[in-house]
Structures are given as structure tokens and as C-alpha cells.
Amino acid sequence: MIKYMQKYYVPSGGMPDKGASTVSKAIFTESYIVIPASSLTDIVTSNFPFWERSRFWVLARPLSGFAETFSQYIAEVFPGGGSETPETDHSAESAFFVVDGSIDIVFEGEIHRLEKGGFSYLPPGTHWKIRNLSESVARFHWIRKAYNMVDGLEVPEALFTKERDLKSIPMEGYEDSWLTTRFIDIADLRYDMNIAIVSFMPGGRIPFMETHVMEHGLYVLQGRAVYCLNNDWVEVSEGDFMWLRAFCPQACYAGGPEVFRYLLYKDVNRHAHL
């Protein structure tokens, strides 16, 4: 069993120093986007209806001609903040991953506390509320997707868990370097998205150019790597976000002194819309 320390990068906002260089590694192409940690400043946050003492960095949203299946935010909720009506789209399913502090989700009348490393999946058409009842700021990822209904398949149930309680699955043939911790059972065809944490030991790599129909959101939680996106090799580190459209070629080498870990989203288990 590989042992390593689990860390979760926490954005803090603020503004760049007046003398900071304007040049950054932010990239927008037809195949992929890189949003570096340095881009998550105070002036690019969003506010949403019915949320109090909260703000959001929008990392991804459906964009015609590009990635179209999901949106992803980093939420910052101050003590006492949250919402009694957090989701206004009844077709939307949600996934949460907490990187700092704690949040309380009231789902169908039952309270679930998520602390750092905690995960929740909430199906569409359900009633839930969210609050930060602690004395410190809570920060978490919120991934939203319009659930893709299939006749004969029920809507999946809600999930509440945490990373440290789940087993990491080694990639066959790369047991000493490449691990995946899945929050959602992708063998259960009721689920139409996969959320996982992928980990590479220093020197570990994706040894071929993956090219597939699933689009991706990848948020670097820890460490650094050189990632191949289409034809470009880009250095990424904790706090950076990569957004890949379907069929964008991808591979990576993990570098640096510690494990390279990212929070992964991809769409799964459905036919293409015709």
C-alpha cells in the first residue's frame, strides 16, 4: 500500500501585488483551457441568487462549441452563510468536495456535516439546504450537471462520504505510481458522471496520449506535473484547473518532491445525443 500525505489546495482570493507580472499561464484554446491559481482573485468572483455570505469562482460552464456537460465552482462561504434555496434548476444534480472548513447539508430533512476531504452527491429533483455553521470560512468545489434521464433507470440515491474512508484503486501495471479514488461507482449505470481523485507518485505518468469521448474538469489539489493537452506540454501545480473538451489528447508526467493529485470530473454511462 502506497503511503502519502493528503493535501487540498485552498484558494484565498485577494489581489495580485501591484508589481506582479501580467504574464501568466492562463490558456484558452479550442481544445482545452488552463485557469491558473493566480487567476482566482477577488475581482472574478460571482454571486448567486438566494446565497448569503458566499461567493464563487466559476471554473467551468457549458459553452457552445466547447465543453457542454457541466459547470464547476469553487465556493467560499463565510460563517453563518449558505442558502435555503441553493439550487434553482430542478434538473440539476450536484457533487460537493470540501477543501477547507466544514459545511452542513440538510438533505430530505437529515443533516450531514462535510469536513475537509468530505464528498457528497445529490440527485436532481430533491430538496436540500446548505450552511456553514462553523466559526471559520468553508471552501468547497461544487460540480453541477443536468441529469441525463434514461427510461428504465431510476435516479441514483444521494451519497455522503470522505476520501480517507475510500479505497484507492491502483492502475493495472502501474500499482506503484498511479492510483484512483472514486467517489461514485461508475459500474452503477444510474450515475451519469464520475468524480474521483487521481494520484501520481513523483515520476509517475500517463504513458500514452488518452483520446476519448469524455470531457474533463481537472483541479490540482496537490503537487505539480507537466501535462500534455492536445499538442502542448503545460506545467501545472496546485490550484490550477484544466478544462478539456471531448477527444482532446492528454497525458502527464508527475514531478516535484510530493504526490501529484487532482479532482477529476468526467461524463460517463450515456449514449451521445443525436
## Note on the structure
Among (1) of a type in the set (A, V, I, L, M); (2) at pLDDT 95 or above; (3) surrounded by 18 or more Cβ atoms within 10 Å (Cβ to Cβ); (4) within 29 Å of Val236 (Cα to Cα), Val58 falls short only on (3)
### Task
Out of Gly152, Gly203, report the one residue that is among the small types (Gly, Ala, Ser), farther than 30 Å from Ser24 by Cβ and open to solvent by 30 Å² or more (accessible area, probe 1.4 Å).
Gly152
### Task
Report whether or not Ser177 is surrounded by 17 or more Cβ atoms within 10 Å (Cβ to Cβ), touching a Lys or Arg at 6+ places or on another chain (Cβ under 6 Å), in contact (Cβ under 8 Å) with a residue 12 or more places away in the chain and farther than 26 Å from His273 by Cβ.
no
### Task
With the condition kept exactly as written, say whether any residue in the stretch 195-202 is without any contact (Cβ under 8 Å) to a residue 40 or more places away in the chain and under 18 Å from the mean Cα position of the chain (by Cα).
no
### Close pairs from the stretch 44-68: first under 15 Å from Ala146 (Cβ atoms), partner crowded, with 17+ Cβ neighbours inside 10 Å and small (Gly, Ala, Ser), Cβ under 6 Å, at least 6 apart
Ala60/Ser71; Ala60/Gly217; Arg61/Ser71
#### Entry: Hits in the stretch 63-114 (condition: in contact with an Asp or Glu (Cβ under 6 Å, 6 or more places away or on another chain) and either farther than 18 Å from Ser136 by Cβ or in a loop (DSSP other than H, G, I, E, B) (or both))
Ala67, Thr69, Ile111
### Top-ranked residue of the stretch 61-78 - restricted to ones that are under 20 Å from Phe119 (Cα atoms) and not aliphatic (A, V, I, L, M), ranked as surrounded by the fewest Cβ atoms within 10 Å (Cβ to Cβ)
Phe78
### Task
Look through the stretch 206-224, keep the residues that are open to solvent by less than 60 Å² (accessible area, probe 1.4 Å) and farther than 14 Å from Leu263 by Cβ, and return whichever of them is farthest from the chain's Cα centre (by Cα).
Pro207
### Task
Can you run down the residue pairs with Cβ atoms below 7 Å, 6 or more apart or on separate chains, where the first is in the stretch 134-157 and in contact (Cβ under 8 Å) with a residue 40 or more places away in the chain and assigned to a loop (DSSP other than H, G, I, E, B) and the partner is open to solvent by 30 Å² or more (accessible area, probe 1.4 Å) and among the basic types (Lys, Arg)?
Asn148/Arg270
### Message
It is to be established whether one or more residues within the stretch 219-227 are of a type in the set (S, T, N, Q) and either without any contact (Cβ under 8 Å) to a residue 24 or more places away in the chain or closer than 12 Å to Gln250 by Cα (or both).
### Response
no
### Message
Can you tell me which condition Asp17 does not meet? The list is (1) closer than 30 Å to Pro257 by Cα; (2) outside any loop (DSSP other than H, G, I, E, B); (3) among the acidic types (Asp, Glu), and all the others hold.
### Response
(2)
### Message
Would you confirm whether or not the stretch 240-247 contains a residue that is surrounded by fewer than 16 Cβ atoms within 10 Å (Cβ to Cβ) and either among the aliphatic types (A, V, I, L, M) or not in a strand (DSSP E or B) (or both)?
### Response
yes
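The values are calculated or read from the model by the stated rules, or taken from the named source; none is laboratory data. Everything quoted here is computed from the prediction, not taken from an experiment. Note that we place each Cβ from the backbone using ideal geometry, even for glycine, and neighbour counts take in every protein chain shown. All accessible areas refer to the heavy atoms of the entire protein, side chains included, with ligands and DNA or RNA removed. Shrake-Rupley method; radii C 1.70, N 1.55, O 1.52, S 1.80 Å.
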